[in-house]
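Structure record follows, encoded as C-alpha cells.
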Amino acid sequence: MNDNRYKVYFLGNGRIIQEPKPEHKKKIQEEVMPYMNQEYFPLHEAAYGSIEGKNTIQCALLHDGAEYILNMDIRKFYPSVNYSHIIKNIDEDKRHLMDYLLRLALIYKSENDNCLPTGAQSSPYLANLAVKDIDLKLSILAEEESVTLNSKVVYTRYLDDITFSIHGPFRRWTLKDDIKKIVEESGFRINHKKTKWMTSGSDNMNILGISNLKNLGVKIPRKFKLELKDELFFMAKNGEELNDVVNGKLAYVKFIEPSLYNKLISRYRKHFERTI
C-alpha cells in the first residue's frame, strides 16, 4: 500500500522529500512532538543535531585543537531508519507509547516496510533514538582508543555525521574499520565516499562543515551554501513552501551566518512571489 498521508516530491539533485499533508502534519505536531524530548525519551550525550539546548558549534568545539579528525557518514540515514531500529532503544515501560507514536510518524508501504519520512518535524529526533545503541558503542570505542593511543579521543554524532577526533601525535588508520563494523551490525551502512581523515593545518580541516573554528569568522563551507541556494531556487520556482528539512538547514545558516540567511530568504521570497 502507499501511505497517502504524505506528499512526495523530487528535488533537482535527485533527493526525495516526503512531507506530511496538512491534516497529518497537524496530528504529528499535536500528538508526536510533545514527546520528542529528553524528558520522555533520553538520547546519548554524544548525539547532536535537532536537540534542544545543543547546536553545531558546541559539537564542533569538542573537537577543537585535534591533530586528526575522522569523519564518516551514515548512508541514506532517514530512509534506513525503521520501526525496529527505534523500538529496540526504548525502555520497556515506554514501548507501548512509542508504538503509537511510530504509527503516526513513520511512512508505511506495508506493515513490515516502513521508514522515516524526510520532511516530517518528528524525524530528526526519532533518527537520534534509532542510533542510540550505536552512540553507546562508539563512545566506548573512543574511550578504548584513548587508552591505546595515550591521547584524548572524542566521539560525537550530528544526525548522520560521525566524527572522531584524536588529540595526540598518532592515529590508527583501521579505526574507520571498527566504526564501520559497529554501524553495520546495527543495521545501517556507511557512505564510503564521505569517509575522510583530516589533519591539523591542512586546507580541508573542518569540523561538521565549519571552517576557521579558532577564528572569530566562523564560516559555512561554499559547497553547502551552493547546494542550499539551488534547493531554495528549485522550490521557489515550483511554488513550493519551505518544508521542515529546509527550515532546519536555514536555522543552521542563521545561527552561524545571519547575513547569509537573510540573503537566502530574501531571494527565495522574491522568486516565490513570481510564481503566485
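The values are calculated or read from the model by the stated rules, or taken from the named source; none is laboratory data. Because the structure is a prediction, the values reported are computed rather than measured. Glycine gets a Cβ as well: all are built from the backbone with ideal geometry, and neighbour counts include every protein chain shown. Side chains are part of the model used for accessible areas, which takes the heavy atoms of the whole protein and leaves out ligands, DNA and RNA. Shrake-Rupley method; radii C 1.70, N 1.55, O 1.52, S 1.80 Å.
Mind checking Rg over Rh on the stretch 26-86, alpha carbons, Kirkwood formula for Rh?
Computed over Cα atoms, the ratio is 1.04.
Take every Cα pair under 8 Å in the stretch 1-134 that's 6+ residues apart, average their separations, divide by the length, and report that relative contact order as a whole percent.
The value is 35 percent.
Taking all protein chains as present, what is the carbon and sulfur share of the accessible area of the chain, in % to the nearest whole number, probe 1.4 Å?
50 percent
Between ASN4 and ASP113, what is 0.36 nm times their sequence separation minus the Cα-Cα distance? Round to one decimal in nm.
Contour length minus Cα-Cα distance gives 37.8 nm.
Considering the chain as a Gaussian network with a 10 Å cut-off on Cα pairs, which listed residue, GLN18, GLN29, GLN121, attains the greatest mean-square fluctuation?
GLN29
Counting each DSSP H run of 4 or more residues in the chain as -39500 (n - 2.57), what helix-only mean residue ellipticity at 222 nm follows after dividing by all residues, to the nearest 500 deg cm²/dmol?
Roughly -12500 deg cm²/dmol at 222 nm, from the helical runs in the chain.
With r as the distance between the Cβ atoms of GLN38 and SER202 and R0 = 35 Å, compute the FRET efficiency 1/(1 + (r/R0)^6) and round to 0.05.
0.45
Per 5 Å bin from zero, what fraction in whole % of the C-alpha pairs of the stretch 1-137 is there, up to the bin with the longest pair?
Histogramming the stretch 1-137 at 5 Å steps yields 2, 9, 18, 21, 20, 14, 9, 4, 2, 1, 0 percent.
Take the chain, connect every pair of alpha-carbon atoms lying under 10 Å apart with a spring to form a Gaussian network, then pick out the residue of LYS193, LYS176, LYS229 with the largest mean-square fluctuation.
LYS193
Given contacts defined as C-alpha pairs under 8 Å and at least six residues apart, what's the relative contact order of the chain, whole-number percent?
23 percent
Which value does Rg/Rh take for the chain over its C-alpha atoms, Rh per Kirkwood?
0.97
Probe of 1.4 angstrom, ligands and nucleic acids ignored: what's the accessible area per residue over the chain, in square angstrom?
54 Å²
Given the options SER266, SER151, SER165, state which has the largest fluctuation in a GNM of the chain using a 10 Å cut-off (strictly under) for Cα springs.
Top of the fluctuation ranking is SER266.
Using the basic label-point model (7 angstrom from Cα toward the beta carbon), what is the PHE255 to LYS94 distance in nanometres?
Those two pseudo-labels are separated by 2.2 nm.
So what is the relative contact order for the stretch 131-251, in percent, with contacts set as C-alpha pairs under 8 Å and at least six apart? Please report the intermediate quantities before stating the final value.
On the way: 75 pairs, mean separation 15.7, N = 121.
Contact order relative to length: 13 percent.
Under 17 Å from a label point 7 Å along Cα→Cβ of SER84: give me every residue in the stretch 111-133 with its amide N that close.
The answer is 111-116, 130-133, whose backbone nitrogens lie closer than 17 Å to the label point.
Using the alpha carbon gyration tensor of the stretch 139-276, what are the three equivalent-ellipsoid semi-axes (square root of 5 times each eigenvalue), largest first, in whole Å?
37, 18, 11
Please give the Cα centre distance for the stretch 241-269 versus the stretch 111-134, rounded to the nearest Å.
Distance between centres, Cα-based: 24 Å.
Go ahead and run the numbers for FRET between LYS270 and ASN238, Cβ-Cβ distance against an R0 of 22 Å, rounding to 0.05.
So the FRET efficiency works out to roughly 0.90.
As an exercise, use a Förster radius of 35 Å and the Cβ-Cβ distance of ASN55 and THR148 to find the FRET efficiency, rounded to the nearest 0.05.
With R0 = 35 Å, the Cβ-Cβ based efficiency is 0.65.
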